[in-house]
Every structure is written in structure tokens, then in C-alpha cells.
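Asker: Shown below is the structure under consideration.
The values are calculated or read from the model by the stated rules, or taken from the named source; none is laboratory data. None of the values given here were measured: they were computed from a predicted structure. In this analysis, Cβ positions are derived from the backbone assuming ideal geometry, glycine residues included, and neighbour counts consider all displayed protein chains. Only protein heavy atoms, including side chains, enter the accessible area calculation; ligands, DNA and RNA are left aside. Shrake-Rupley method; radii C 1.70, N 1.55, O 1.52, S 1.80 Å.
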Amino acid sequence: MEIAEIKAVIEQEKEAARAEADGVRDRTALQLFKSVRMGKKSVLSSLYPQLKSVPEERKKEFGREISGLKEYLENLFQEAFQRIHEQELRRKMEEKKVDITLPGYGIELGSLHPYQAVVREVTDFFLGLGFEVADGPEVETDENNFERMNIPKDHPARDMQDSFQIAEGIVLRSHTSSVQSRVMKENCPHPVKVICPGKVYRRDNDATHSHQFGQIEGLVLSPDATFANLLSLLTKLLRHLFGEKREVRFRPSYFPFTEPSIEADISCFECGGKGCAFCKQTGWIEILGAGMVHPNVLRINGYDDKVMQGFAFGLGIDRVAMLKYGIDDIKKLYEDDVDFLAQFRKE
Ligand code: PHE
């Protein structure tokens, strides 16, 4: 072949290859391009044997032309490869596209259960006054739950707290007063200033009573703890829980473990004391029981009732929660209904 002829072939090949490379759209076409234009049967490969027949002085020039074609084809291949690669990448990104303007799923914050909210609020109040928090088991001895609280067997007061017997002499505690027995045993003859929040059990079942509910009981024993202290403490507590404007009223009552015994009412926060359906037209809402620790209780638990005196009080956690949050059925506090509980979320 003449040099001019070879140059013409090379030019032709470049043109054809360029046109083909421009049409390459995928990896299969790219492979095809490579084998057709650069493989064994390609124009490029067919040029090398021609070198032999070229006169010595023109071999260099001829060789450069062939290398030029080779380089040209390699560049075309690289360009096409790059283009396909970018296209694939773009397609993948398109498929896995994340719309960063979409709103997120959000993580819903939980909330304190209204029962627990009351426990915390009351506990905080008493911790601020220097009380300690005492604890005891829910499965209790009859002795701690009743006997040491001055409720002997066959005492009619046991009827008010009909409990669940687990075994002979073992009951589910019917009030947290059972913790008082334990605290007194542990501290006698020293003064005591505790509250005991916890679950209690009774044979009860209606809209405002459940077989399981919560109580917070307080016990203060000190030679100078007076009835006046009790009244002022309860007034402060009830105003803290239900609002500073609440009137607090005390009525005489009866508990076997206190003497004198009282019950406390607050003025109805629905009608302000005028009388409405909520307070059953009385203007008052019954809220807790209390009294001076009965001398028998002091004696049974080892204290000298001539030296030691004190007071105790107990309020229902569920009752406070129901009144504070306007809950009409105590069962709602035990159903773990998330929609119901979400209402008490503090934003
Ligand atoms: N333990 C009593 C009850 O459950 C409440 C109470 C406690 C009353 C302390 C007076 C003093 O009914």
C-alpha cells in the first residue's frame, strides 16, 4: 500500500469509528466497538503487517500514523466509557432519589402517665419539706397491714378494706399504712418523717374504684408534731395540687389507726363551691384521710406514747389524677391506651 493510501484508510477508519462511538449507548455496544475497531480483525490490526512492505526511511512516519490511529480509537473508547458510566450513575441516583424537602417521620415524645405525674408532683412537694420516701412490698403480712395498724382480727374496720388473701396471714396490702409498720419497726424509738407511695389492693370494682390503685401515705413522728402542723401541711399540699384558691375543709372521721381522725375536702374547682354535678351539689370534693397517730399504734410498734406523738395522712393517687385531669373512669388509668395517654403530653 502506498503511504497516501494508508493515510486515506486511517482517516476513513477514524471517521467511521467516531460515528460508531457517538452511537454507543450501553456497555454491550461499547464492547462491540472495542472488538470491531481494536480487535484482531480490526482495520487497526490489519495495518501492522503492512509495515514490512514499507521502505525503511518511511517506516517511522508510517508507524506514527498507526499509533495515532490506535491512540485515537483508545480515546474514543474512553470517552464512550466515561459517558456510559456517568449515565448509569445518574440513573442510579435518579432511582434512589431522596427528596430532602419531604417532612420527616418525626419521633413522638412519650409522656408521663397521669398516675406517675401525680406521684412525682406529690413526692417533689414532700422532698422539699425534708421528708424521705419509704417503700415496702405489695404482698404483706396481715400483721403489718392490719394488726400493727390497730386493726385486730374481727375488727369491723377490716370490712372497709376487704383484701386479697395470698396465704394464711399473707395479703395483698390494702393500704400503704403497712409501710408505716415497717418504718416504725426500723426507726423506733427515733422520730420519723416519711411518705410512702405505692400500689394497694382491695375487693372493689366500679367507675371510681379498681381492685388495684395507688396511695401516698405520710407519717410524721416527733415529740412536737401537732394536729395544727397536720392541718397546715395538708392545706399546703392540697393548694399545691389543686390551686392556691382552693378552700380546704376538715371533717371529723374515723380510722382505727388515728385519733382524732379527719377527712379533708377541697372546694369544687368546677363550680368554685356553689354546687354542681361534679361535686354532687355539695360544693366540696372529698380528697384524703388523716389524723393523729393512735396511741395503740405507737405502743404496738414499740414507741412510748407518753413521749412520742405524730400524725399520718393518706391520699389516693388515682383519685387525685382523675380530679386533676378530669378522667371519669379509673380503668382508663390501667388500660395503657396510647391515644388516651397522649392527651397528657406536655408540649
Ligand atoms: N390508710 C387509710 C385508708 O387507706 C388512709 C389514711 C392514712 C387515713 C393515714 C388516715 C391516716 O383508708
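Asker: Could you check how many residues of segment 213-245 are surrounded by fewer than 21 Cβ atoms within 10 Å (Cβ to Cβ) and over 30 Å from LEU172 (Cα atoms)?
Answerer: 16
Asker: Here is a further query. Looking at ALA290, ALA321 in this structure, which one is modelled with pLDDT of 95 or more, open to solvent by less than 40 Å² (accessible area, probe 1.4 Å) and of a type in the set (A, V, I, L, M)?
Answerer: ALA290
Asker: Name, by its number, the condition in (1) farther than 30 Å from GLU259 by Cα; (2) within 16 Å of the ligand (Cβ to nearest atom) that does not hold for LEU89.
Answerer: (2)
Asker: Considering each residue of segment 254-267, count those that are within 12 Å of the ligand (Cβ to nearest atom) and over 20 Å from LEU298 (Cβ atoms), and give that number. Even if it seems obvious, please write down each step before you answer.
Answerer: From segment 254-267, those within 12 Å of the ligand (Cβ to nearest atom) are 254-264; that's our starting set.
Narrowing further to those that are over 20 Å from LEU298 (Cβ atoms): 263-264.
Selection size over segment 254-267: 2.
Asker: For a quick check of your reading of the model, give me the residue pairs whose first member lies in segment 55-69 and is over 13 Å from VAL9 (Cβ atoms), whose second is assigned to a helix (DSSP H, G or I), with beta-carbon atoms closer than 8 Å and at least 6 apart or on different chains.
Answerer: ARG58/ILE3; LYS59/LEU51; GLU61/ILE3; GLY63/LEU51
Asker: Just for strands (runs of 3 or more DSSP E) wholly inside segment 126-214: which have at least 1 residues that are aromatic (Phe, Trp, Tyr)? If you could, list the steps in order and put the result at the bottom.
Answerer: Details: elements: 139-141, 165-167, 170-172, 192-201.
So the answer is 192-201.
Asker: Looking only at residues in segment 203-228 that are hydrophobic (A, V, I, L, M, F, W, C) and away from the ligand (no atom under 14 Å from the Cβ), which one is modelled with the lowest pLDDT?
Answerer: Residue satisfying both the conditions and the ranking: ALA207.
Asker: Residues TYR303, TYR254: which one is exposed (fewer than 15 other Cβ atoms within 10 Å of the Cβ) and farther than 19 Å from VAL118 by Cα?
Answerer: Numbers: TYR303 fails: exposed (fewer than 15 other Cβ atoms within 10 Å of the Cβ).
After ruling out the rest, the residue left standing is TYR254.
Asker: Name every residue in segment 67-106 that is part of a loop (DSSP other than H, G, I, E, B) and in contact with a helix residue (DSSP H, G or I) (Cβ under 8 Å, 6 or more places away or on another chain), in order of residue number.
Answerer: none
Per-residue answers, yes or no, for (1) within 15 Å of the ligand (Cβ to nearest atom); (2) assigned to a loop (DSSP other than H, G, I, E, B); (3) not polar (S, T, N, Q):
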residue: LEU230; (1), (2), (3): yes, no, yes
residue: PRO252; (1), (2), (3): yes, no, yes
residue: PHE269; (1), (2), (3): no, yes, yes
residue: GLY272; (1), (2), (3): no, yes, yes
residue: ALA277; (1), (2), (3): no, yes, yes
residue: ILE287; (1), (2), (3): yes, no, yes
residue: PHE313; (1), (2), (3): yes, no, yes
residue: LEU323; (1), (2), (3): no, no, yes
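Asker: Kindly evaluate VAL200 against the criterion of being within 11 Å of the ligand (Cβ to nearest atom), among the hydrophobic types (A, V, I, L, M, F, W, C) and in contact (Cβ under 8 Å) with a residue 24 or more places away in the chain.
Answerer: yes
Asker: Determine, yes or no, whether ARG239 is without any contact (Cβ under 8 Å) to a residue 60 or more places away in the chain and in a helix (DSSP H, G or I).
Answerer: yes
Asker: If GLY106 satisfies all but one of (1) within 30 Å of PHE340 (Cα to Cα); (2) touching a residue at least 40 places away in the same chain (Cβ under 8 Å); (3) open to solvent by 40 Å² or more (accessible area, probe 1.4 Å); (4) not aromatic (Phe, Trp, Tyr), what's the number of the condition it fails?
Answerer: (2)
Asker: Within segment 1-38, can you find the residues that are loosely packed, with under 13 Cβ neighbours inside 10 Å and not in a helix (DSSP H, G or I)?
Answerer: GLU2, ARG25, ASP26
Asker: Go through (1) in a loop (DSSP other than H, G, I, E, B); (2) among the charged types (D, E, K, R); (3) open to solvent by 50 Å² or more (accessible area, probe 1.4 Å); (4) out of contact with any Cys (no Cβ under 7 Å at 6 or more places or on another chain) and name the single condition GLU259 misses.
Answerer: So GLU259 meets the others, but not (1).
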